[in-house]
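> I have a structure here, written as structure tokens, and I will follow up with some questions on it.
The values are calculated or read from the model by the stated rules, or taken from the named source; none is laboratory data. Note that this is a predicted model, so its numbers are computed, not measured. Because the Cβ atoms are built from the backbone with ideal geometry, glycine has one as well, and the counts that use them run over all protein chains shown.
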Amino acid sequence: MKLLWFHLMPYTRLPEDFRERHNSVWVDIDRRLFDPAVAHRLYNEFMDELEFAAAVGFDGICVNEHHANGYGLMPSPNLIAAALARRTSDAMLCVLGNSLALYNPPTRVAEEMAMIDCISGGRLIAGFPVGTPMDTCYAYGQNPSMLRARYLEAHDLIVEAWTRPETFAFNGRFNQLRYVNIWPHPLQKPRPPIWIPGGGSVETWQWCAKMDYVYCYLSYFGYKAGRETMMGFWREMERLGKDRNPYRAGFLQFVGVAESREEALRLYKEPAEYFYGRCLHVDSRYVNPPGYNSEATQRAKVTSQVALASQRAATFGGGATWDEILAKGFVIIGSPDEVAEQLKTVATDLNVGHLMLLLQFGNMSRELAGYNTKLFAERVMPQMSPLFDDAWENRWWPKPLPKPARVAPQPVETREAAE
Amino acid sequence: MSAPAERQVEVNGLPCRVWEKGSGSPVFYLAGLAGLPRWTPFLDRLAERHRVVAPSIPGFPGATGHDRLDQPLDWVAAVLDLLEGAGLAGGDLIGASIGGALAAEAAAMAPGLVRRLVLIAPFGLYDKSVPPTDLWGQKPGSWPTLLSVRPEAYKELVAAPEGVAEAEWSIIMTRAAETAARLLWPLADTRLARRLHRIRCPTLVLWGAEDKVLAPAYAERFAAGIAGKCTIRIVANAGHLADLDAPGAVAEAVFEALG
């Protein structure tokens with residue numbers, strides 16, 4: 001199976017009384033809480049962490065897109081991915097933004113992702129989320145009633161821009177372009193693999209099946225809550241006559257590894273409570289604009305991921321306690337063997353071939369994130385990696401240039417050397 | 001309250017419900033935010049003196065097709081199709097809230113269609129000193145008190161009618177909210193200001209004094225922009241849905257304007 005290291009890039013200095021004093025971590029989060037000097041440090045540390053994960057052998061590193069969000073400092077995942085493309089050599093670059101309806105024209109996404117694919121030698125995974133209501137409808141002012149139609153049209157335009165051999169005109173409902181001819185093109189042919197991060201909508205599952213895309217369920221609430229969604233996904237695949245290839249699916253899980261369960265309990269309590277308390281403090285005003293969920297989804301009674309988050313947050317009142325976080329499986333902790341055992345169960349039970357791991361979460365320090373990442377890579381990963389590989393082909397993994405054909409960044413010559 | 005007669009007109013190939021009741025000179029009514037989930041006491045009062053015709057805007061209860069309306073011109077064309085199809089031809093037109101914004105568009109873009117216009121707290125303008133309240137940035141369940149000084153009356157208005165399953169009704173009401181959002185997102189500025197001067201018919205602009213969505217000060221902006229003779233009436237003890245909150249007072253004001 002494939003193990004990917006996922007960073008949300010949370011702002012780590014939200015005050016202790018954030019839930020009491022502030023109404024939301026998202027959309028109208030208090031500007032005064034942001035210190036650019038802190039962000040300077042965080043961005044550099046977070047990119048160090050992603051680069052470290054690549055160096056210790058994770059199959060891929062993931063970035064994503066959020067706007068006006070105190071737990072996601074990546075309005076532009078492409079900027080981070082571009083920097084990572086230069087500082088990593090083997091890990092795949094899994095860009096689980098861009099929210100396609102936000103870009104005008106969407107050819108911008110086709111261009112930037114093609115650039116990342118070229119710079120990285122074909123290591124890009126192109127993630128196309130619709131985006132949460134907070135990001136798209138509130139922070140970016142998109143009309144919830146048109147969001148999905150815009151998203152689908154942008155997708156069509158981007159895929160055509162990547163794959164059609166000639167300059168063409170695109171006369172869409174929302175986009176009219178006389179000349180579409182992106183330059184550069186992606187290195188991977190016919191195009192980079194496309195992964196769709198989604199909530200639990202049946203239409204998204206059907207679309208992924210039809211287009212042969214990977215469906216990623218990025219839940220903050222762990223495998224117990226995610227189980228029902230993934231079971232629904234596989235039932236739908238079966239109904240549509242698709243095989244149970246686990247590489248059709250991706251799943252996100254928070255993990256904390258230590259030498260022992262006792263040590264893990266001690267180390268990961270604070271960052272977990274920081275995330276589930278302060279970071280998920282989303283105002284219910286911003287989670288469910290009318291039209292965001294299609295009528296078919298309403299009929300299927302599927303609640304969107306964010307609405308679920310807000311409901312759960314509301315249920316917790318003061319935010320989830322450490323005991324709840326553990327009991328409900330939001331975060332899996334333990335010794336390397338204990339974690340591997342649980343994650344193997346998650347992977348086989350949910351039948352997911354792409355496991356995305358949040359090994360930095362909340363206000364976790366770089367040191368602890370490094371410890372968690374290293375222990376995982378050295379002692380959990382070897383137990384996990386062989387899963388599924390004997391039985392299934394992963395048709396959704398990037399196909400980079402062969403290693404010898406890839407160009408490594410040259411160190412800048414020192415003045416002395418130049419002289 | 002006896003039930004209105006029902007017929008359909010087509011807009012963009014989809015049926016839209018038209019309710020009708022009473023006799024006398026015709027008065028057309030375009031409903032506000034939730035559309036017209038049921039016939040109202042205000043319309044009953046009007047029907048004592050007029051033939052009241054209430055066509056449903058695509059997306060509001062009784063009509064679908066909001067998802068075909070992308071541009072302002074699509075909305076204007078749909079509303080003209082709806083009003084003409086329902087038989088408005090030089091008659092009087094009342095529009096409330098969202099229906100007010102669209103009634104104003106119809107009067108501006110097809111001047112011969114409307115004889116006299118009544119706008120009840122219409123959307124369409126944007127004053128940055130008193131911006132419209134963000135209808136969709138509200139805590140769940142807060143619309144009744146936001147829209148009406150009689151929240152119980154609003155809840156009754158939007159409750160599932162007899163014989164309609166709760167689940168299906170919830171989808172219909174969400175669709176109505178989506179329809180409003182589709183036209184007004186994100187700032188409720190439909191750029192009506194650019195067309196207001198084309199309204200040349202006599203117009204009554206009526207506002208609930210307690211409107212928490214659009215400040216009554218908007219009445220003056222409408223009056224200043226409309227070319228026809230314009231009268232302003234502020235109705236006491238009424239919120240944004242003034243004809244729901246004060247059906248008697250609003251009906252009296254309409255009778256004064258339309259006879």
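> Mind listing just one residue for me: the one in the stretch B:116-131 that is in a loop (DSSP other than H, G, I, E, B) and surrounded by 20 or more Cβ atoms within 10 Å (Cβ to Cβ) and, of those, nearest to the other protein chains (Cβ to nearest Cβ)?
Top of the filtered list is B:PHE123.
> Name the residues in the stretch A:248-286 that are within 14 Å of chain B (Cβ to nearest Cβ) and out of contact with any Phe, Trp or Tyr (no Cβ under 6 Å at 6 or more places or on another chain), would you?
A:ASP283, A:SER284, A:ARG285
> Same structure again: From A:TYR215, A:TYR223, which residue is surrounded by 23 or more Cβ atoms within 10 Å (Cβ to Cβ) and at pLDDT below 95?
Sole residue among the options that is surrounded by 23 or more Cβ atoms within 10 Å (Cβ to Cβ) and at pLDDT below 95: A:TYR223.
> Any residue at all in the stretch B:176-193 that's over 30 Å from A:GLU295 (Cβ atoms) and either touching a residue at least 40 places away in the same chain (Cβ under 8 Å) or assigned to a helix (DSSP H, G or I) (or both)?
yes
> Can I ask one more? In the stretch A:112-125, how many are outside any loop (DSSP other than H, G, I, E, B) and either more than 12 Å from A:ARG191 (Cα to Cα) or in contact with a Cys (Cβ under 7 Å, 6 or more places away or on another chain) (or both)?
Residues in the stretch A:112-125 being outside any loop (DSSP other than H, G, I, E, B) and either more than 12 Å from A:ARG191 (Cα to Cα) or in contact with a Cys (Cβ under 7 Å, 6 or more places away or on another chain) (or both): 5 in total.
> Restricting to the stretch B:205-235, name every residue that is touching a strand residue (DSSP E or B) at 6+ places or on another chain (Cβ under 8 Å) and among the charged types (D, E, K, R).
Within the stretch B:205-235, B:GLU220, B:LYS229, B:ARG233 meet the criteria.
> Going by what's in this entry, would A:ALA391 be described as of a type outside the set (Val, Ile, Thr) and either touching a strand residue (DSSP E or B) at 6+ places or on another chain (Cβ under 7 Å) or outside any loop (DSSP other than H, G, I, E, B) (or both)?
No; evaluated as a whole, the condition is false for this residue.
> Next up: Quick one: which of B:ALA3, B:ALA34 is in a loop (DSSP other than H, G, I, E, B), surrounded by fewer than 22 Cβ atoms within 10 Å (Cβ to Cβ) and among the aliphatic types (A, V, I, L, M)?
Step by step, each of B:ALA3, B:ALA34 is checked, and only B:ALA3 is in a loop (DSSP other than H, G, I, E, B), surrounded by fewer than 22 Cβ atoms within 10 Å (Cβ to Cβ) and among the aliphatic types (A, V, I, L, M).
> Quick check: is even one residue across the stretch A:351-365 out of contact with any Gly (no Cβ under 9 Å at 6 or more places or on another chain), among the aliphatic types (A, V, I, L, M) and within 30 Å of A:VAL25 (Cα to Cα)?
yes
> May I pose another question? Scan B:PRO61, B:PRO72 and give me the residue that is over 22 Å from B:ALA253 (Cα atoms), in contact with a Ser or Thr (Cβ under 9 Å, 6 or more places away or on another chain) and not charged (D, E, K, R).
B:PRO72
> Identify, please: which residue in the stretch B:179-237 is among the hydroxyl-bearing types (Ser, Thr, Tyr) and crowded, with 20+ Cβ neighbours inside 10 Å and is, among those, nearest to the chain's Cα centre (by Cα)?
Only one residue tops the list, namely B:THR179.
> Could you tell me whether A:PRO289 is within 14 Å of chain B (Cβ to nearest Cβ), closer than 20 Å to A:SER24 by Cα, outside any strand (DSSP E or B) and in contact (Cβ under 8 Å) with a residue 60 or more places away in the chain?
Considered against the rule, which asks whether it is within 14 Å of chain B (Cβ to nearest Cβ), closer than 20 Å to A:SER24 by Cα, outside any strand (DSSP E or B) and in contact (Cβ under 8 Å) with a residue 60 or more places away in the chain, A:PRO289 comes out as yes.
> Still on this structure: Determine whether A:ALA154 is within 22 Å of the chain's Cα centre (by Cα), of a type in the set (Gly, Ala, Ser) and away from chain B (no Cβ under 14 Å).
Here the answer is yes, as A:ALA154 does meet what is asked.
> Go through A:ALA149, A:ALA139, A:ALA85, A:ALA101 for me and flag whichever is without any contact (Cβ under 8 Å) to a residue 40 or more places away in the chain and within 14 Å of chain B (Cβ to nearest Cβ).
Checking each option against the conditions leaves just A:ALA149.
> Would you tally the residues in the stretch A:162-180 being assigned to a strand (DSSP E or B), free of Cβ contacts under 8 Å to residues at least 40 places away in the same chain and surrounded by 12 or more Cβ atoms within 10 Å (Cβ to Cβ)?
2
> Does the stretch B:140-159 hold any residues that are under 15 Å from B:PRO37 (Cβ atoms), assigned to a helix (DSSP H, G or I) and either within 14 Å of chain A (Cβ to nearest Cβ) or of a type in the set (A, V, I, L, M, F, W, C) (or both), and which are they?
Passing the criteria: B:TRP143, B:LEU147, B:ALA153, B:LEU157, B:VAL158.
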